[in-house]
1. Counting other C-beta atoms within 10 Å, which of 155, 190, 105 has the fewest, and how do the rest follow?
2. Taking the 0 to 90 degree range and rounding to the nearest ten, how far is the long axis of helix 65-95 tilted relative to the main principal axis of the chain, both from C-alpha atoms?
3. Does the stretch 76-127 come out rounded, prolate or oblate, given a ≥ b ≥ c as the square roots of the eigenvalues of its C-alpha gyration tensor, rounded meaning a/c under 1.5 and, failing that, prolate meaning a/b above b/c?
4. What percent does the relative contact order of the stretch 52-191 come to when contacts are Cα pairs within less than 8 Å and at least six residues apart?
5. Nearest 10 degrees, 0 to 90: what angle lies between the long axis of helix 117-131 and the longest principal axis of the chain (Cα atoms)?
6. Taking the alpha-carbon centroid of each part, what is the distance from the stretch 17-87 to the stretch 130-196 in angstrom?
7. Write down the radius of gyration of the chain and its Dmax, each obtained from C-alpha positions, in Å.
8. Using only Cα atoms and rounding to the nearest 10 degrees, what angle (0 to 90) does helix 102-111 make with the longest principal axis of the chain?
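Read the figures in this text as sums done on the coordinates, not as results from a lab. Please read these numbers as outputs of a predicted model, since none were measured by experiment. Reconstructed Cβ throughout: ideal geometry from the backbone, glycine too, with neighbour counts over all protein chains shown.
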């Protein structure tokens, strides 16, 4: 390979290595801190020389942590399900049924992406309090679903517009209803986009903090990202255990993404390239 072509490749490789190191540094530091005892917590070394796993044993044996996991699992699962159903129906109406006023509705939905979450916290909290839905799973699932629908609608709408019209016309001639067309033709063909939406929404819901903080005020209903606040008092003098909790919070989405990242990337490519 000519020398003139090597330098761009080496520069790109160096940039990739640096970007990877920068992005992984906080995660490595978090895991390293979770493997230190209280005496080595503030040691000036970057990597603990004698890692221990007793912090994880203590944290996993702590009463109440399983409830945080259960709450997060239910909320994340419910949010993913409702977001996919709502965004699929809406995208189908706009992209395939050519619903009257669909463009205006889509514009209004996209406008929701411009609103900062902080501006929505008080209205959402007051509404849920008036409805008696604070400290309930549905009280957190609803707002998280509403926040996820705009992004999901954009992804699914683009995917549905890439489905050939001939398939839908042939099914309609055979007597298929709109719901049958959606269920048997559209949904199987946009499965990669649905996977992208499901993964994206799960990662968001699992790590969401601010909505859970203001909606879930009872300890029995709090989700996993709020666990460090609950255990901050008992473990204030032993940060290693707090970092162990943070690692447990982060490990679930990391495992999920590692298992499905192939479909996630292919889904993004399928949504961005139309044949």
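1. The fewest-first ordering by Cβ neighbours comes to 105, 155, 190.
2. Long axis of 65-95 versus the principal axis of the chain: about 20 degrees.
3. Oblate is the answer for the stretch 76-127, as a/c is 1.5 or above yet b/c matches or exceeds a/b.
4. RCO, the stretch 52-191: 33 percent.
5. So the helix axis and the longest Cα principal axis differ by about 80 degrees.
6. The distance from the Cα centre of the stretch 17-87 to that of the stretch 130-196 comes to 33 Å.
7. For the chain, the Cα radius of gyration and maximum Cα-Cα distance read 23.2, 75 Å.
8. Rounded to the nearest ten degrees, it is 10.
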